[in-house]
Ligand code: NAD
Ligand code: WQD
């Protein structure tokens, strides 16, 4: 099977290309490199020993996409391409709706015109909003998103569901990721944020490597065991393997399916700091600051459905997630710019 991977030069995409190639799939990557470097794909090739066919292409570029699909004859698409910075999306809503929604509409239109009606879409736990209960199952209602980024995910889920309903030849799998962290064990690929990291783990690893002097913990007065926010962190390699399992489901004619990809365990911000220190031996100085706008107290997944229907279970624990994040950061203090 030949798989088109949009956004395949990015953090989750590059790790997924490794797992796809290891599982014997042919892969074609397209990415506009707006938030990534082609070097990630050179390193993927180092890891797998296989070349990664790559096109620099924007998913909004209908003509180029169409030429690629004419040439490459893919069977399915794993669609990672999108802008993902929550705060930036509040400042630039038009850009987020244009890139993520118009981009996906263009991609899907070109796909169907080439008879490719299989898609796995990167959704997010953010579509649940502030959940009423945890663990969150897929049958929990979707909620109110606190930012345009989240709405793009929520709206795109609806769009893809409607397309599948109108044309049941489509197989659509929506994967709702919880909080991906960690990196490939080789330390050759990993998360490479631009500027000041928005997310917790890259911020911690930048403190550890000496780029920032301390972590600010966003609030310690939440209704959680230690007052700091609780999330379901998942190793990016486990997440990548979830996509390989989802592809098998697509091959079995999935129709429409929705799965949470998380571990089912919640860790607080301070749990992460302490686990990181224990896993790496590096101290993380921190200060307690105010809450961050839009944050919720707790979210963690029920991963039961993915286990039952995909046979997928996250294998890495929090210590491995911390150790692997650190291994990537310390070996690549400037990401792919070294
Ligand atoms: P990333 O930014 O590393 O990867 C996204 C890739 O898409 C980048 O390489 C970027 O250059 C590319 N891209 C963006 N717009 C494009 C366009 N118009 N045309 C072609 N390429 C384009 O992000 P990631 O963390 O790997 O996330 C992958 C997907 O998973 C995204 O859709 C993201 O929203 C979703 N997601 C991420 C998280 C997370 O915490 N990392 C959680 C839930 C969902
Ligand atoms: C985790 C916890 C923060 C940074 C975001 C998106 C979500 C999804 C994953 C894409 C929270 C705290 C963080 C810091 C801190 N992305 N924190 N100091 O907010 O759960 O989810 O990324 O879909 O949509 O919203 O992840 O890593 O930003 O925060 O105390 O410097 O760490 O308050 O409790 P979040 P995060």
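The values are calculated or read from the model by the stated rules, or taken from the named source; none is laboratory data. Being a predicted model, the structure only gives us computed values, none of them experimental. Backbone-built Cβ (ideal geometry, glycine too); neighbour counts: all protein chains shown.
A few notes on this one:
- Condition met for residue 90 (touching a helix residue (DSSP H, G or I) at 6+ places or on another chain (Cβ under 6 Å) and within 24 Å of residue 180 (Cβ to Cβ)): no
- Members of region 30-56 that are farther than 21 Å from residue 123 by Cα, surrounded by fewer than 19 Cβ atoms within 10 Å (Cβ to Cβ) and either within 13 Å of ligand 1 (Cβ to nearest atom) or modelled with pLDDT under 95 (or both): 37, 38, 39, 55, 56
- Verdict on residue 245 being crowded, with 19+ Cβ neighbours inside 10 Å, at pLDDT 95 or above and under 24 Å from the mean Cα position of the chain (by Cα): yes
- Every listed requirement among (1) touching a residue at least 12 places away in the same chain (Cβ under 8 Å); (2) more than 9 Å from ligand 1 (Cβ to nearest atom); (3) farther than 24 Å from residue 173 by Cα is met by residue 64 save one, (1).
- Selection count where residues are over 20 Å from the mean Cα position of the chain (by Cα), part of a loop (DSSP other than H, G, I, E, B) and at negative phi, scope region 174-222: 8
- Region 99-113, subset crowded, with 18+ Cβ neighbours inside 10 Å and more than 12 Å from ligand 1 (Cβ to nearest atom), residue farthest from residue 66 (Cα to Cα): 108
- Output for region 55-96, where each listed residue is under 21 Å from the mean Cα position of the chain (by Cα) and part of a helix (DSSP H, G or I): 86, 87, 88, 89, 90, 93, 95, 96
To keep it simple, each residue is scored yes or no on (1) over 25 Å from residue 24 (Cα atoms); (2) touching a strand residue (DSSP E or B) at 6+ places or on another chain (Cβ under 9 Å); (3) outside any strand (DSSP E or B); (4) within 16 Å of ligand 2 (Cβ to nearest atom).
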{"position": "250", "(1), (2), (3), (4)": "no, yes, yes, no"}
{"position": "253", "(1), (2), (3), (4)": "no, yes, yes, no"}
{"position": "257", "(1), (2), (3), (4)": "no, yes, no, no"}
{"position": "274", "(1), (2), (3), (4)": "yes, no, yes, yes"}
{"position": "293", "(1), (2), (3), (4)": "yes, no, yes, yes"}
{"position": "307", "(1), (2), (3), (4)": "no, no, yes, no"}
{"position": "315", "(1), (2), (3), (4)": "no, yes, yes, no"}
{"position": "319", "(1), (2), (3), (4)": "yes, no, yes, no"}
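- Count of region 203-229 residues which are touching a residue at least 60 places away in the same chain (Cβ under 8 Å), buried (at least 16 other Cβ atoms within 10 Å of the Cβ) and within 12 Å of ligand 2 (Cβ to nearest atom): 12
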